[in-house]
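Participant: Got a structure for you, written out below as C-alpha cells; questions coming shortly.
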Amino acid sequence: MTRHVRQILLSVTAATGVVLVTTLLLNRELLETPKAPAGLDDSAAWLAEHPADWLTAAAITDASLDASTQRRFDLWHAAHAHAKRLAPYRRNADAGFVRAGLFHWYELAPRDRAEVLKAAAPLMRERQFFGGMHVALWQLTRDFAWLHANAPETTEARIWLRDLAVSRGLFGEYRMLREDIRTRRMKEFAAQRASADPATLLELVPDRLTAADEPLVLGILEELDRKPFDPEQIGGRAEIVVDYAVRHDIQPLTGILPMLDTPSKLRDVTRARAALDLNNASAATRIEIASAVSGAAEWEPYFLDRALFEARRRDATAADAYLLRAAVRGLSVPVLAAGEQAAILLNNGKAAEDYRGQLAARAKEPRTWSSSCGASELCGVASRDEYVTGETLRLELTTTQSDETPPYVEVYVDAALRAEGEVRDSRAFEVRTGPGLHTIELRLINTHTRNGTQRRVKIS
C-alpha cells in the first residue's frame, strides 16, 4: 500500500467519523435507550413491537396473575415461556414466574405448583435467595425433602434447615441434619487442612462441642502443633477447643505452647489448666499469680486440677492447700470427688472413705441445676455435676410451658449424647453412666414456641 493510498483511507475514515458525530449531535434521541412502559396492557403492546425484549416478557410474567383477565394463567405461562426462549440462562426469566406463582400458590393447580417448584430449584441454590425463601416455601409446600434436596451445598444452609426442622417439630429431620452438619464440617476441615492457617481452621468449630466433635478438636490440635502461628491472630474459638481438650484430656496440647506465656484469646484459667496438662507447673503458677481474678469461681476447676497434680507428685501439703482454695465457696460435689481422688493417690484410705460418705449423702439430696431460668427448670441449657452411686441416672422431665409442638431434649453425660427425645407432658430418661462423678447437661433444642414464648421444662 502506497503512501498516497494510506492518506486517502485516513481521510475517508476521518470524514466518516465527523459525519457520525454530527448525526448523533443533531439526533440526540439515538443515544437514549427506549424504555418499556409500565402497566400490563402497555407492556404487552410494547412487547409486540419489541419481541426480543426478554426483560419486559419477565415483567409481564411477574404481573400476569394479578391481572383481571380470565386468561391470566395462560398469559403467565406464555410470557414465561417467551422470556425463557430469549434468555434461557438468566435467573430473571424464572424469578418473575416463581414470584407470581408463590403469591398465588393456593390458586394454582397441582401441575402449576410443580412447574413453580421446578423453576425455583436453580434459584434456591443461591445463598441469598435460599436464606430469604426457605421458611416461606416450607409454609406453603410443607415439603421439607424438596427444600433439603435443593439447598445450597453449604454448612450454613444445613444449619438454616436444621433450625427450621426443630422449630416445626420435624425431629427426625433435625437428627439427620445434625449429623449432616457435623459430617460437612469434617469434610471442610479435611479439604482445608493442608493449606489453611490454624485461625481459618478454628472458624469451623461450632459454638458448643460434644464428644461427636472430638475428631475435629483432635485435628485442629494437631495442626496447631504442626504449623507456626501468631497467637494474637488466633480467634476466640481457640478457647472453645482448648477448654474442651483440657476438660476431656485430648492430646496433643503442645501446639498451644505459644499461647501460654503471650497474649492470646485463651482465658487465664484455661491457660493455667493447659500448662498443668503439659506438666509445666511453673508456667501454671505464673499464670495463676499474674491473673487478676484467680480468686473467682471460674478458677475452681484449676484448683482441683492442681490438687490432683500435686497429689500425683506426693505433695500432700500442696494438694490440701489447693483443695482448700477450691472449697472457699463450699464443699461442692467436684471438690469432694477431687478430695477422694487425691486421698487415694496419697494412700490415705480413711480420708478417701470420708469423702465417699459425703458424696453418697449428696447423691440423695434434691438436684439443683445451673440454668438461666431456675434451679429446677430447663429453658435452654441446664447442667450440673452429679455423683452417681449406681450404673444409671434417672431424670424426670415435665413440660410446664409449650404449644402443640413438644419440647425436644438432649441429655449429655460428660459431653456424650446418651439420650434424647420429645417431652409430651412428662417423660423419664434412664441414662447409663456408671458410678462416679459426671457432668450432666440437658439441652432444650426448640427453645421457643411458634409465637415466640419461651418453652419451659421442669427437671426432677
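Participant: What number goes with the only condition from (1) over 26 Å from Arg384 (Cα atoms); (2) part of a helix (DSSP H, G or I) that Asn347 does not pass?
Facilitator: That leaves (2) as the condition not met.
One line per residue, one yes/no per condition, for (1) touching a residue at least 24 places away in the same chain (Cβ under 8 Å); (2) buried (at least 17 other Cβ atoms within 10 Å of the Cβ):
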residue: Glu107; (1), (2): yes, no
residue: Pro122; (1), (2): yes, no
residue: Phe129; (1), (2): no, yes
residue: Leu147; (1), (2): no, yes
residue: Thr154; (1), (2): yes, no
residue: Ala157; (1), (2): yes, yes
residue: Trp160; (1), (2): yes, yes
residue: Arg168; (1), (2): yes, yes
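Participant: Another one. Residue under question is Phe189, and the condition is that it be at pLDDT 95 or above and touching a strand residue (DSSP E or B) at 6+ places or on another chain (Cβ under 8 Å); does it hold?
Facilitator: no
Participant: Would you tally the residues in the stretch 45-70 being in a loop (DSSP other than H, G, I, E, B) and of a type in the set (Asp, Glu)? Break it down stepwise before answering.
Facilitator: Applying the first criterion (in a loop (DSSP other than H, G, I, E, B)) to the stretch 45-70 yields 50-53, 65-70.
Narrowing further to those that are of a type in the set (Asp, Glu): 53, 66.
Result for the stretch 45-70: 2.
Participant: Turning to a different aspect of this structure: Might you let me know whether the stretch 388-409 holds any residue that is closer than 16 Å to Ile445 by Cα, touching a helix residue (DSSP H, G or I) at 6+ places or on another chain (Cβ under 7 Å) and surrounded by fewer than 18 Cβ atoms within 10 Å (Cβ to Cβ)? Full working, then the answer.
Facilitator: Here is the first cut: in the stretch 388-409, the ones closer than 16 Å to Ile445 by Cα are 397-409.
Checking which are touching a helix residue (DSSP H, G or I) at 6+ places or on another chain (Cβ under 7 Å) leaves us with 408.
Adding the requirement that they be surrounded by fewer than 18 Cβ atoms within 10 Å (Cβ to Cβ) leaves none.
Among the residues of the stretch 388-409, not one is closer than 16 Å to Ile445 by Cα, touching a helix residue (DSSP H, G or I) at 6+ places or on another chain (Cβ under 7 Å) and surrounded by fewer than 18 Cβ atoms within 10 Å (Cβ to Cβ), which makes the answer no.
Participant: Let me ask another. Return the pair list, or none, for Cβ contacts closer than 9 Å from residues in the stretch 426-442 that are assigned by TED's automatic domain parsing to the domain that holds Ala338 to residues that are part of a loop (DSSP other than H, G, I, E, B) and among the aliphatic types (A, V, I, L, M), at least 6 apart or on different chains.
Facilitator: Filtered contacts from the stretch 426-442: no entries.
Participant: Could you say which residue among Ala191, Ala211, Ala238 is in contact with an Asp or Glu (Cβ under 8 Å, 6 or more places away or on another chain) and aliphatic (A, V, I, L, M)? I'd like the intermediate steps shown before the answer.
Facilitator: On the way: Ala191 fails: in contact with an Asp or Glu (Cβ under 8 Å, 6 or more places away or on another chain); Ala238 fails: in contact with an Asp or Glu (Cβ under 8 Å, 6 or more places away or on another chain).
Just a single option satisfies the conditions, and that option is Ala211.
So that you can scan it fast, the table gives a plain yes or no per residue for (1) touching a strand residue (DSSP E or B) at 6+ places or on another chain (Cβ under 6 Å); (2) under 28 Å from Arg182 (Cβ atoms); (3) in a loop (DSSP other than H, G, I, E, B):
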{"site": "Arg367", "(1), (2), (3)": "no, no, yes"}
{"site": "Ala382", "(1), (2), (3)": "yes, yes, no"}
{"site": "Thr398", "(1), (2), (3)": "yes, no, no"}
{"site": "Ala419", "(1), (2), (3)": "yes, yes, no"}
{"site": "Glu441", "(1), (2), (3)": "yes, yes, no"}
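Participant: Moving on. Could you pull out the residue among Ser426, Ser460, Ser370 that is exposed (fewer than 15 other Cβ atoms within 10 Å of the Cβ), farther than 26 Å from Ala343 by Cα and at pLDDT 95 or above?
Facilitator: Numbers: Ser460 fails: at pLDDT 95 or above; Ser370 fails: at pLDDT 95 or above.
Selected residue: Ser426, the only one of Ser426, Ser460, Ser370 that is exposed (fewer than 15 other Cβ atoms within 10 Å of the Cβ), farther than 26 Å from Ala343 by Cα and at pLDDT 95 or above.
Participant: I would also like to ask the following. Among the residues of the stretch 400-417 satisfying the criterion of being of a type in the set (Asp, Glu) and assigned to a loop (DSSP other than H, G, I, E, B), which is farthest from Glu173 (Cα to Cα)?
Facilitator: Asp414
Participant: Restricting attention to the stretch 287-310, does a residue exist that is out of contact with any Leu (no Cβ under 8 Å at 6 or more places or on another chain), within 30 Å of Asn347 (Cβ to Cβ), in contact (Cβ under 8 Å) with a residue 12 or more places away in the chain and of a type in the set (Lys, Arg)?
Facilitator: No - not one qualifying residue is present in the stretch 287-310.
Participant: Here's another thing I want to ask about it. Might you check whether a residue that is of a type in the set (D, E, K, R), under 31 Å from the mean Cα position of the chain (by Cα), over 25 Å from Ile60 (Cα atoms) and part of a loop (DSSP other than H, G, I, E, B) occurs anywhere in the stretch 142-149? Quick ask: steps written out before the conclusion?
Facilitator: At the first step, the residues of the stretch 142-149 found to be of a type in the set (D, E, K, R) are 142-143.
Restricting the remaining residues to those that are under 31 Å from the mean Cα position of the chain (by Cα) gives 142-143.
Next cut, over 25 Å from Ile60 (Cα atoms) only: 142-143.
Those still in the list that are part of a loop (DSSP other than H, G, I, E, B) too: 142-143.
So far as the stretch 142-149 goes, yes, one or more of its residues are of a type in the set (D, E, K, R), under 31 Å from the mean Cα position of the chain (by Cα), over 25 Å from Ile60 (Cα atoms) and part of a loop (DSSP other than H, G, I, E, B).
Participant: Only one of (1) assigned by TED's automatic domain parsing to the domain that holds Ile445; (2) surrounded by fewer than 17 Cβ atoms within 10 Å (Cβ to Cβ) fails for Ala361. Which number is that?
Facilitator: Condition not satisfied by Ala361: (1).
Participant: Looking at Arg271, Arg286, which one is in a helix (DSSP H, G or I), surrounded by fewer than 20 Cβ atoms within 10 Å (Cβ to Cβ) and either basic (Lys, Arg) or on the phi > 0 side of the Ramachandran plot (or both)? Write out each step before concluding.
Facilitator: On the way: Arg271 fails: surrounded by fewer than 20 Cβ atoms within 10 Å (Cβ to Cβ).
Among Arg271, Arg286, only Arg286 is in a helix (DSSP H, G or I), surrounded by fewer than 20 Cβ atoms within 10 Å (Cβ to Cβ) and either basic (Lys, Arg) or on the phi > 0 side of the Ramachandran plot (or both).
Participant: Still on this model: Can we say Leu123 is part of a helix (DSSP H, G or I) and touching a His at 6+ places or on another chain (Cβ under 8 Å)? Outline the logic, then answer.
Facilitator: Numbers: part of a helix (DSSP H, G or I): yes; touching a His at 6+ places or on another chain (Cβ under 8 Å): no.
Answer is no for this residue.
Participant: Go through Ala136, Ala79 for me and flag whichever is in contact (Cβ under 8 Å) with a residue 12 or more places away in the chain and either surrounded by 14 or more Cβ atoms within 10 Å (Cβ to Cβ) or farther than 30 Å from Asp163 by Cα (or both). Please lay out each step first, then the result.
Facilitator: Numbers: Ala136 fails: either surrounded by 14 or more Cβ atoms within 10 Å (Cβ to Cβ) or farther than 30 Å from Asp163 by Cα (or both).
Just one listed residue meets the conditions, Ala79.
Participant: If Arg184 meets every condition in (1) in the same structural domain as Ala120 (by TED's automatic domain parsing); (2) in contact with a helix residue (DSSP H, G or I) (Cβ under 7 Å, 6 or more places away or on another chain); (3) among the basic types (Lys, Arg) apart from one, which number is that one?
Facilitator: (1) is the only condition that Arg184 fails.
The values are calculated or read from the model by the stated rules, or taken from the named source; none is laboratory data. Fair warning: this is a prediction, and the values are worked out from it, not measured in the lab. Ideal geometry is used to build each Cβ from the backbone, glycine not excepted, and the neighbour counts take in all protein chains shown.
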